Every structure is written in structure tokens, then in C-alpha cells.
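S.K.: What follows is a structure written as C-alpha cells; I'll ask about it next.
The values are calculated or read from the model by the stated rules, or taken from the named source; none is laboratory data. Remember, predicted model here, so these are calculated numbers, not experimental data. Here Cβ is always computed from backbone atoms with ideal geometry, including for glycine, and neighbour counts include all displayed protein chains. For the accessible areas, the whole protein counts, side chains as well, though only heavy atoms, and no ligand, DNA or RNA atoms are used. Shrake-Rupley method; radii C 1.70, N 1.55, O 1.52, S 1.80 Å.
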Amino acid sequence: MLELPAAVRGFGVTFGTIFKKVVTEQYPEDASKYPPKPRFHGRHQLNRWADGLEKCIGCELCAWACPADAIFVQGADNSAEERFSPGERYGRVYQINYTRCIFCGLCIEACPTRALTMTNEFELADNNRADLIYEKQDLLGPMLPGMLAPPHEMVPGTTDSDYYANKITGSVPEQSGPQQNNSQEGAPEQGGAE
Amino acid sequence: MTVTNHTEKTDHVNVVIDGIEMEVPKGTLVIRAAEQIGIEIPRFCDHPLLTPVAACRACLIEIDGVPKPQPACAQVLSEGMNVRTQRSSEMARIAQEGVMEFLLVNHPLDCPVCDKGGECPLQNQAMTVGRAESRFEGEKRTFPKPINVNAQVLLDRERCVSCARCTRFAEEIAGDASLELLERGAQQQVGTANDEPFESYFSGNVVQICPVGALTSASYRFRSRPFDLVSVPTTCEHCASGCSLRTDYRRGTVTRRLAWDDPEVNEEWSCDKGRFAFAYLANGRIDSPLIRENGELRSASWPEAMHFAAAGLAAAGTSAVLVGGRATIEDAYAYSKFARVVLGTDNLDFRARASSTEEAEFLAAHIAGTTLDVTYADVETASQVLLVGFEPEDESPILFLRLRKGVKKGVTVHTVGPLYSLGSEKLSAHWIKANAGSEAQAIKGLDSEVISALDSNSIIFVGERAASSPGALSAVSQLGAKTGARIAWVPRRAGERGALEAGALAGLLPGGRPISDPTARTEIAQAWNIDADSLPAVGVTGNELISAIAQGSINALITAGVDPSDLPNGSELTAGIENADFVVALENHHSEITQRASVVFPVAVVTEKSGSFMNWEGRNKPFSAAFREALTLTDAGVLSMLASAMDVQLNGDTRALRKEMNSLQPWSGSRTELKPHADSVPVGTTLATWRLLIDSSVMQEGEPHLAATARPSLVAVSSAMFEQLGKPEVITVTGPKGSITLPAQVAEVSSESVWLPMNSPESHIYAQLGCGYGEVVTVKGGAA
Ligand code: SF4
Ligand code: SF4
Ligand code: SF4
Ligand code: SF4
Ligand code: FES
């Protein structure tokens with residue numbers, strides 16, 4: 001057999017590939033065609049209860065779990081004037097530093113209230129460090145129908161345990177007025193609770 | 001392996017713990033002996049400074065020959081005992097696991113919202129000795145969420161493991177026994193009788209020793225977690241007790257302070273002021289040098305302000321230096337040296353409070369240069385203790401705790417003064433009645449029984465108020481000489497004892513050397529590298545100094561941490577400063593003085609500098625900066641820059657100053673004498689007053705929860721005076737400037753005195769009455 005010169009043989013790979021299906025994904029032009037997989041670890045989100053109160057209790061367990069020291073939390077007391085979450089405590093300051101985060105998801109596993117989850121959003125690049133520190137307002141989940149922006153009272157007649165037991169289905173009109181009654185006593189009644 | 005302690009053989013027993021042979025002193029508890037060989041037995045109720053109660057049963061261990069597990073925290077070791085802990089005994093392990101399971105039955109799953117989470121003995125021990133899985137499926141006991149034990153301390157009852165540490169602390173250590181374990185069984189809970197607040201100056205300690213998160217403080221609640229705190233040891237700057245504390249901070253902000261362990265001083269306790277009053281460190285600080293231009297202060301650069309200050313001081317005539325009682329010993333030393341070397345003056349005083357010439361002489365004769373003559377340990381073994389012009393619970397709380405410990409061991413306390421206070425009661429003190437201002441007569445007229453009981457093993461404690469009672473210090477000095485009792489001086493502020501040692505008082509060079517003594521002058525001149533002749537002659541102190549400022553014969557001034565409202569003649573000082581040619585203020589907060597000063601230099605607070613405070617014993621308590629990156633200068637640093645702007649080289653580095661002070665030999669030459677001062681008997685009703693521990697002082701600002709635990713402002717009178725006034729609801733006390741009307745309280749007050757707090761809400765004695773301790777006031781029932 002006649003040996004082809006090495007230079008020509010090399011082009012065999014090139015020509016072969018020209019006729020194969022392209023695997024390159026065009027980003028950003030065709031980004032929408034290739035959404036991330038559902039369990040992809042993207043930007044975090046701080047979730048809300050159905051009535052809009054925040055789930056985060058400022059416990060700092062996420063910050064503790066984080067191997068990259070990317071999270072800063074400072075808790076505070078819910079007061080009679082301003083309630084952000086059911087129960088006594090809420091996260092007053094919440095920051096994630098995306099120059100540090102390695103998207104491992106250990107914070108999500110640590111969170112006792114399911115306040116912290118991850119979205120699929122991955123387009124976080126920026127040209128400066130300061131904007132990569134996401135504050136609480138950048139991380140909080142959207143206001144869905146039936147939600148009311150805190151601060152406001154819990155659904156009248158419910159306790160924090162009802163929230164944790166997922167018995168709250170949405171806000172009720174009484175919650176929109178100025179906050180007056182911070183009592184946690186009393187059994188859950190109809191209305192906002194199941 | 002054998003572990004031996006080297007003391008008298010006969011006082012020891014031989015025991016075996018987990019197969020390790022030990023020889024321990026008789027009376028040693030199993031849990032303590034195990035600690036010595038690194039065996040950790042779980043515990044909640046056990047605390048080395050409280051009596052054992054074996055309340056929690058977490059520490060069960062097996063002893064050979066004893067059929068049931070025994071609590072290690074209450075079991076005393078006896079000869080030949082063979083102890084097996086959870087490490088070598090299945091019985092002990094199962095017992096501990098069982099106890100832990102019982103404790104967790106009623107314990108809420110609260111960790112995420114509990115302050116103790118991360119430093120919780122229950123969390124930790126549940127992990128080490130508990131079961132991995134819970135078997136409990138019932139309803140847990142719940143209580144409505146936290147209740148206030150007092151304004152500062154909160155109680156989450158469902159978290160309590162009924163260990164009785166808090167109640168034992170309240171009863172055994174603080175003597176404020178209102179905290180009790182109430183109810184029985186699952187409903188057992190900590191509480192106070194009739195839901196009255198737990199009134200104690202030491203309430204923060206129960207938060208620290210509670211082994212779970214049942215007791216928390218309002219000021220720290222939800223602030224942070226232990227893992228994101230940086231902890232640094234420090235010395236408390238609030239009083240002359242000299243407590244070791246731990247400062248925890250996060251991102252440049254102090255989040256809490258805890259009592260640290262110093263067995264020689266505060267053991268493991270602190271008072272609430274030292275623990276909770278730290279907001280002032282950050283709030284309202286002066287952040288740049290200020291100079292006065294056209295009557296207004298404006299900010300200036302450091303070089304500009306230095307130049308301005310140097311020129312002003314050089315142009316002015318006679319100068320003086322007022323060092324408040326808050327300086328570290330190194331800073332006070334820098335002031336002492338700056339005054340003598342740079343300003344060439346001996347007009348110097350650290351007593352920014354009521355003082356007297358008698359006191360200055362007393363300090364020179366008895367106190368300066370005599371460090372560690374009387375110590376905390378001596379208090380426990382003294383035969384008699386006499387308190388003169390001194391209210392330990394308010395003015396040196398840790399000494400109060402030590403006195404209580406002493407009293408339990410048999411020390412007798414006598415207190416000379418106008419009020420038999422709550423504190424005196426807790427010390428079971430013997431009251432030697434004296435109207436305010438007449439202490440000298442009371443001391444001279446002491447019962448022969450008391451006098452004969454005083455011996456060389458007795459201690460006379462004098463407080464700062466003795467200076468307001470003419471002749472009292474002379475009488476104390478004579479009594480000491482006659483009976484051999486040792487004399488100790490307990491100032492209120494943390495910096496006073498050190499300032500005295502540093503020579504920040506006219507007439508005294510460092511180490512208690514009289515400035516009039518040629519040898520003393522030579523020694524100091526050598527250390528300072530100057531000519532002995534250039535050291536100034538004796539200057540003026542105290543009230544004389546303030547009059548000289550007011551009259552204008554002293555017209556340049558350096559002040560440091562002085563607030564005129566702390567002085568009975570504060571308005572005189574303020575007026576003098578108003579008219580002085582040049583005033584340099586080194587301050588971290590604005591005051592009456594900075595409003596009138598020519599130059600203001602901001603200086604570091606305790607978290608930003610290193611230094612040491614000398615406590616009343618004369619014990620040096622060094623501390624280092626918590627915020628090492630702080631850019632603020634110490635007082636000594638500012639003085640050093642100022643000196644070089646005035647062409648004198650002066651060291652401003654804390655460590656170098658400490659070294660320089662330490663290189664001075666103790667003074668062995670003669671001391672100035674305390675010439676006997678005459679006593680005066682005031683005619684009429686006299687004012688008895690002192691500063692309560694928790695009051696309106698500037699260093700306690702910004703702490704609403706602490707302020708809410710203060711004792712109420714009341715006027716206390718004797719029952720006879722109360723009757724005489726017609727049993728009024730309120731009493732009005734009037735002085736030269738005005739009156740104070742407060743609710744009346746009948747108390748054990750001497751017949752010719754009336755007591756009210758010196759600087760509490762609605763009771764600011766100097767500002768409102770215009771007179772001080774021991775002065776004559778008029779008392780009237782009802783409002784003014
Ligand atoms: S994903 Fe991992 S690295 Fe990122 S914040 Fe969470 S724990 Fe930290
Ligand atoms: S996000 Fe979750 S883990 Fe983090 S502080 Fe909030 S509640 Fe705690
Ligand atoms: S409150 Fe704390 S210290 Fe007091 S008994 Fe309960 S667990 Fe013990
Ligand atoms: S007793 Fe004095 S030194 Fe100790 S914590 Fe209280 S104020 Fe500070
Ligand atoms: S530690 Fe021994 S019974 Fe509590």
C-alpha cells in the first residue's frame with residue numbers, strides 16, 4: 001500500500017469533522033436554546049412564605065456551613081412595629097459575596113427553614129468586586145400573587161409554627177394595615193390559614 | 001501513669017480513675033480530679049465556684065462497690081476509690097445517655113434562633129454522649145416566648161435544664177436571692193418571687209454561666225454567632241476593681257463583653273456595667289483634630305493642629321495638666337512627664353471629682369508606691385474590715401463580691417457612713433453611724449470593742465468620698481497607726497490608682513517620690529535624661545488648682561478625659577477654661593471642655609490601644625488593642641508629637657513607656673507626712689450621696705437595657721426624719737443652686753443626713769443642688 005504523506009493524512013481528521021454535527025453552543029446568541037439543567041447551582045434566592053413574609057430567620061447557619069466564607073448574616077428582633085418573618089428573629093443583613101462563592105450548595109443544606117435555595121441563574125459576571133456582593137434585596141425572591149411586602153403582621157390568628165407547618169396559603173386583607181398586634185397566641189383560624 | 005500533687009502526704013488520698021492511679025488532696029471531687037488527667041465528664045450544673053448540688057445528673061459515673069451510678073460533681077474522692085467514667089464503664093455510658101435523652105425530651109429544637117447555638121454545652125454534650133436519634137414522639141413542653149427576668153436578662157423557660165446555676169449564683173455569690181426555681185416536675189422553671197425583676201448588679205453573670213440558651217441578654221440577643229466573633233482578652237476600663245474581661249467583636253464593632261477568668265481578681269465574674277456598657281466606644285466619637293478659629297471649632301489636619309497647639313502652649317504663661325481618672329498608667333505617665341519636662345510645671349491632678357488637700361497628702365503618705373500591699377486574697381482572710389466613705393457594691397463591685405466571700409468565711413465588716421445600704425445588709429455589716437461629713441468624729445469615737453478587734457490582720461478600706469469629709473483620712477491614718485490595721489484606698493475610676501503611681505499629682509513624681517526630695521529628683525531626672533534643677537517645684541492640686549484656673553493665674557491647660565460636671569466646683573473650672581489663654585483637650589467624646597478648648601485632639605479608646613490599668617490593689621493589668629488596625633493615637637502618642645513640635649523628644653510608644661516606668665526602682669526614701677487635718681462638724685442636715693453603679697455616666701450612654709436595670713432615684717431619710725417631715729410622698733432637697741424632688745424612702749439613714757443618688761436620672765447633685773457630699777442642705781416634705 002502506498003503511504004500518504006503525513007501532512008495529507010493529518011487533514012483527514014479536519015475533513016472528517018467538517019461533515020459532523022456541530023456541538024458548539026452559541027452563547028450568548030442562542031442562550032435560550034440551552035437552559036441549564038434543573039438542578040444546576042446558580043445564584044441564591046431568599047424565599048418568602050405565601051403571604052410575603054421572609055423565611056430567613058437570620059440564624060447564620062448558612063454562613064457557618066459555607067466553606068468559602070462567602071455569606072454574611074446579621075440577625076435582629078422582629079418588633080411590634082416591624083415584622084419581617086414569622087417568629088422572633090429575622091435576617092436584618094444578608095450578603096453573599098459572589099467573588100468567593102464556589103456554588104457548592106452547602107448553605108442550602110444547612111438552612112433550617114428552606115429560606116435559602118439556588119436558582120439556575122448563572123450570568124453573574126461583572127467588572128467590579130463591589131457589585132458582586134449581593135445584598136438581601138438582590139437575593140429575595142419575587143413577590144408572587146397573594147404576597148404582601150413585609151414588614152407586616154403574621155396572618156391573624158396564626159403562630160410561627162403554622163408557617164413552619166406550611167399552613168399559610170396567602171396574605172389576608174388585615175395584614176396590609178399598619179402593624180399593631182404582634183401576639184403569637186391563639187389557634188389558627190380560617191382565612192389565610194388552611 | 002501516675003499523677004501526683006506535691007503537697008503534704010497526709011492530706012492526700014490515692015484513687016484510680018479509668019485505670020489511672022492518682023493522688024489528690026482530700027476533699028477533691030471526682031469531676032475535678034478527672035479534669036486534671038484530661039478526662040471530660042459531661043456536666044451542666046457543676047461550676048467550680050458554686051456549691052455542688054448534683055441537680056442535672058449529666059455527670060453520672062460508676063464507682064466500684066457502689067451499685068448505682070453516682071454524680072461525679074458531688075462525689076468526694078476517698079482513699080482507694082476506683083472510679084470508672086463513660087470511657088471505661090458501660091453503666092456510666094448508658095446512664096449518661098439516658099439522662100441526656102430525658103433532658104432533650106422537653107428541650108425545644110430552637111438552636112437556629114438560640115443565642116447559645118455554637119457555644120452550647122447542651123449541643124456539644126448531646127453530640128458526644130447523647131443518642132444519635134430521638135425516640136420521643138410526644139408533645140414538647142412549651143412556654144410563651146421569652147420573659148424578662150429583668151430589663152436586660154431574658155428567660156426562655158422551655159430551654160432551661162433546671163441546673164440551678166443561676167439561682168445558686170444569685171444566692172451564693174451576688175447575694176440577690178430573688179431568682180428561684182419554681183414549680184415541680186415538667187413545669188419546673190426559673191423565676192422571681194411575685195414576678196418582680198431580678199435586681200442585681202451582677203445579673204449578666206447568669207447569662208454567661210447558664211449552660212443552655214435559657215438566659216440571654218437583651219443587648220446581645222440575635223447579634224451574632226460565636227464563630228464569627230474575634231475574642232480578645234482585655235481589662236475593664238470602668239472601675240478600679242480591675243476585672244479581666246473578654247471583648248468579642250465582629251467587623252470592627254464590639255458585640256459583647258464577658259467576664260474572663262482571673263482567680264486573683266474577679267474570679268469568673270464581672271458586674272453589669274463592665275459587661276454591658278460599651279456602646280460609648282463607638283458612638284459620638286471625635287474623629288479628627290479640631291482647632292478654634294474665630295471662636296468656632298473646625299477640623300484640621302494633624303500637623304496643622306500640632307503646630308497650632310505647640311505655638312499656643314509656648315506663648316501662654318503658667319500651665320497645668322488635668323488628667324481625668326480614666327487614663328491608662330502609660331498615658332498617665334506620659335502626662336506626668338510632659339508636664340514636668342515640656343511644660344515645666346508641677347500643677348497636675350488626676351482627680352476629676354471632689355477632692356481635698358488632705359487626700360493628696362494621704363495618698364502621698366500611705367498609698368503611692370505601695371503596690372500589692374493589700375490584695376483581694378487578703379480580704380478573704382482578714383479578721384476585721386472597716387469601710388470608710390466607701391460603698392463597695394456601687395463603687396467597686398468585685399471587691400464587694402470578695403467581701404461577701406470573706407464574710408461567709410467569718411470576716412466582720414464595719415461600715416462608717418450615713419446610710420446602711422442594701423450592700424451593707426448583704427455584707428451583714430456592722431454600722432458605725434456617721435452623718436455625712438462627720439466621719440472623722442465617728443472614727444475617733446469608735447467603740448473600744450471595735451478598736452481592740454482591729455489588728456494587723458485587719459483592713460481599712462477608704463473610698464473617694466473620704467476626701468469630702470474633713471479629717472476623715474487623718475483619723476484613718478491615726479487609727480491605722482494605733483491598731484496596726486492596714487490601709488487600702490479604693491478609688492472609683494479605673495485610671496486613678498495608676499495615675500497616682502505614674503506621678504500625675506502635684507508633689508509626687510513616679511513611684512510615690514516626693515518632688516521636694518533631692519534624691520527623688522535626681523533619680524527621676526536621670527531616668528528622664530534631664531537636669532534635676534530643671535524639674536519644677538511643688539505645684540498646686542485639687543480645689544486650689546481649679547481656683548487658680550478660675551482666677552487666671554494659670555492660663556494654659558491640658559485636659560484629658562475631664563468632665564466639669566463631675567466636680568463640685570465644675571462651673572468654676574468651666575469659667576476658668578472659658579477665660580484661659582490656651583486649652584488643649586485630648587478627648588474621644590465632646591464635652592463642656594471641648595466646646596471651649598482651643599485645640600481638640602481625638603484619642604484612642606480602650607479597644608484601639610494597648611496599655612494597663614492598675615487596680616486598687618496596685619496590681620498592673622495590661623491589655624492589648626482589640627482593633628489592631630485602628631488608626632487613632634493614644635494620649636501618649638499625641639503628647640509625644642506635641643512635644644516634638646515643641647522641640648522636646650518624648651517617647652509616645654506604650655511599650656517603651658512601660659519599660660521606662662518598670663526600670664524605675666521602688667522608692668525607698670522618705671515620704672511626705674500626712675499632717676493631721678482638723679475635722680469640722682457641720683450644723684444642720686447634711687447631704688449624703690454617691691454615684692450608683694448604674695447611673696447617668698457618659699460611659700453608660702447608648703445602653704437602654706442596662707439603664708433600665710438601674711436602681712430608682714429616691715430620697716432616703718431616717719424614719720424619725722420621715723415622721724418629722726409629715727410622712728410625705730415626695731421629699732425636696734434644696735442646696736445653694738436649686739432643689740431636687742424625688743419619691744421618699746424610709747431607710748437606715750443617720751439622723752442628720754439625707755441620701756440621694758449623685759448622678760442618676762433626675763438627680764444630678766452638682767448641677768441641680770450646687771453642693772456636694774457632707775454639705776448642709778434643707779429638706780422639706782412635698783414638692784418644692
Ligand atoms: S454555595 Fe457554597 S460557597 Fe457558595 S455561599 Fe453557599 S456554601 Fe458558600
Ligand atoms: S438563609 Fe437559612 S441558614 Fe441562612 S440565615 Fe437565613 S434561615 Fe439561617
Ligand atoms: S436558666 Fe440556665 S442556669 Fe438557670 S437553671 Fe435553667 S439552665 Fe440552669
Ligand atoms: S467591677 Fe469594675 S472592673 Fe469589674 S466589670 Fe465592673 S466596672 Fe469593670
Ligand atoms: S454536673 Fe453533676 S449532677 Fe449536674
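S.K.: Taking only protein heavy atoms and a 1.4 Å probe, what accessible area per residue, in Å², does chain B have with all protein chains in place?
M.R.: I get 38 Å² per residue for chain B.
S.K.: With all protein chains present and a 1.4 Å probe, how do A:LYS37, B:LYS444 order by accessible area, largest first?
M.R.: The residues order as A:LYS37, B:LYS444, largest area first.
S.K.: In the neighborhood of B:ARG256, defined by Cβ-to-Cβ distances under 11 Å, what is the net charge if each Lys or Arg adds +1 and each Asp or Glu adds -1?
M.R.: Local charge sum for B:ARG256: +4.
S.K.: Just subtract the alpha-carbon distance of B:ALA678 and B:LYS444 from 0.36 nm times their residue separation and send over the number in nm, one decimal.
M.R.: Roughly 83.0 nm would be gained on extension.
S.K.: Return the subset of B:LYS405/B:LYS482; B:LYS482/B:LYS780; B:LYS408/B:LYS609 for which the Cα-Cα distance in this structure is over 32 Å, preserving the input order.
M.R.: B:LYS482/B:LYS780; B:LYS408/B:LYS609
S.K.: How would you classify the stretch B:739-784 from its alpha-carbon gyration tensor, with a ≥ b ≥ c the square roots of the eigenvalues: rounded for a/c under 1.5, else prolate if a/b is greater than b/c, otherwise oblate?
M.R.: rounded
S.K.: What average number of partner chain Cβ atoms lie no more than 10 Å from the Cβ of the residues making up A:108-120?
M.R.: 1
S.K.: Which length gain, in nm to one decimal place, applies between B:GLU133 and B:ALA720 when the Cα-Cα distance is subtracted from 0.36 nm times their residue separation?
M.R.: 204.5 nm
S.K.: Working from the alpha-carbon coordinates of the stretch B:58-161, get Rg over Rh, Rh being the Kirkwood radius.
M.R.: 1.06
S.K.: Averaged across A:61-69, how many Cβ atoms of other chains sit within 10 Å of each residue's Cβ atom?
M.R.: Per residue, the average neighbour count from other chains is 2.
S.K.: Also: Principal axes first, then extents: for the Cα atoms of the stretch B:686-781, list largest minus smallest coordinate on each axis, whole Å, largest first.
M.R.: Taking the Cα atoms of the stretch B:686-781, the three principal extents are 41, 25, 19 Å.
S.K.: What distance in nm separates the simple spin-label points at B:GLU762 and B:SER553, each placed 7 Å from Cα in the Cβ direction?
M.R.: According to this spin-label approximation, the distance is 4.4 nm.
S.K.: Given +1 on the Cβ of Lys and Arg, -1 on the Cβ of Asp and Glu, and no further charges, what dipole in debye does chain A carry about its Cα centre, rounded to the nearest 20?
M.R.: Rounded to the nearest 20 debye, it is 1060 debye.
S.K.: Would you mind putting B:546-553, B:305-312 in packing order, based on average other-beta-carbon counts within 10 Å, highest first?
M.R.: Answer by packing, highest mean first, reads B:305-312, B:546-553.
S.K.: Roll a 1.4 angstrom probe over the protein heavy atoms and tell me the percent of accessible area of the protein assembly as shown that is carbon or sulfur.
M.R.: C and S atoms contribute 52 percent here.
S.K.: Which residues of the stretch B:132-151 bury at least 20 Å² of accessible area once all protein chains are present, versus their chain alone (1.4 Å probe)?
M.R.: B:LYS145
S.K.: Across the residues of B:224-231, average count of Cβ atoms on other protein chains within 10 Å?
M.R.: Mean shielding count: 3.
S.K.: Further, regarding this structure: Can you check what the net charge comes to around A:HIS152, using other residues whose Cβ is under 10 Å from the Cβ of A:HIS152 (Lys, Arg +1; Asp, Glu -1)?
M.R.: -3
S.K.: Counting only DSSP beta bridges with both residues in the stretch B:359-492, what percent are antiparallel, rounded to the nearest 5?
M.R.: The answer is about 0 percent antiparallel.
S.K.: Evaluate the distance, in nm, between pseudo-label points positioned 7 Å from the Cα of A:VAL8 and of B:ASP647 along their respective Cα→Cβ axes.
M.R.: Calculated label separation equals 9.9 nm.
S.K.: A further question follows. Counting DSSP beta bridges with both partners in the stretch B:426-518, what percentage is antiparallel, nearest 5?
M.R.: Roughly 40 percent of the beta bridges in the stretch B:426-518 run antiparallel, per DSSP.
S.K.: Would you work out which of B:ASN347, B:SER516, B:PHE143 lies farthest towards the positive end of the dipole of chain B, given +1 charges on the beta-carbon of Lys and Arg and -1 on that of Asp and Glu, about the Cα centre?
M.R.: Farthest towards the positive end: B:PHE143.
S.K.: Tell me, what is the FRET efficiency for B:SER428 and B:ARG298 to the nearest 0.05, using R0 = 41 angstrom and their Cβ-Cβ distance as r?
M.R.: Calculated value: 0.10.
S.K.: A plus B alone minus the pair: what accessible area, both sides summed, probe 1.4 Å, in Å² to 100?
M.R.: Roughly 1500 Å² of accessible surface disappears when A and B pair.
S.K.: Rounded to the nearest 5, what is the percent of antiparallel bridges among the DSSP beta bridges in the protein assembly as shown?
M.R.: 60 percent
S.K.: Rounded, prolate or oblate, given the Cα gyration tensor of the stretch B:359-492, with a/c below 1.5 counting as rounded?
M.R.: rounded
S.K.: So for the stretch B:624-697, taking the charge dipole from beta-carbon charges (+1 Lys/Arg, -1 Asp/Glu), which of B:LEU650, B:MET661, B:PHE627 sits furthest toward the positive end?
M.R.: Projecting each Cα onto the dipole axis, the largest value belongs to B:MET661.
S.K.: Between B:SER610, B:TRP528, B:GLN441, whose Cα lies farthest towards the positive end of the dipole of chain B when Lys and Arg beta carbons carry +1 and Asp and Glu beta carbons carry -1, centred on the Cα centre?
M.R.: Farthest towards the positive pole: B:SER610.
S.K.: Testing the spin-label approximation: label points 7 Å from Cα along Cα→Cβ at A:ASN127 and B:GLU21. State their distance in nm.
M.R.: 7.9 nm
S.K.: R0 = 45 Å: FRET efficiency of B:SER456 with B:GLU544, Cβ-based, nearest 0.05?
M.R.: About 0.80, to the nearest 0.05.
S.K.: State whether chain B is rounded, prolate or oblate according to the following rule on the C-alpha gyration tensor (a ≥ b ≥ c being the square roots of its eigenvalues): a/c under 1.5 gives rounded; otherwise a/b larger than b/c gives prolate, and the remaining case gives oblate.
M.R.: In terms of gyration-tensor shape, prolate.
S.K.: How do A:TYR98, A:TYR163 rank by accessible surface area computed with a 1.4 Å probe, from largest to smallest?
M.R.: The ordering from most to least exposed comes out as A:TYR98, A:TYR163.
S.K.: Which residues in the stretch B:404-425 place their backbone N less than 16 Å from a point set 7 Å from the Cα of B:GLU199 along the Cα-to-Cβ direction?
M.R.: Answer for the stretch B:404-425: B:420-425.
S.K.: Note down the magnitude of the dipole of the protein assembly as shown about its Cα centre, charges +1 on Lys and Arg C-beta and -1 on Asp and Glu C-beta and zero elsewhere, to the nearest 20 debye.
M.R.: Dipole of the protein assembly as shown, to the nearest 20 debye: 1420 debye.
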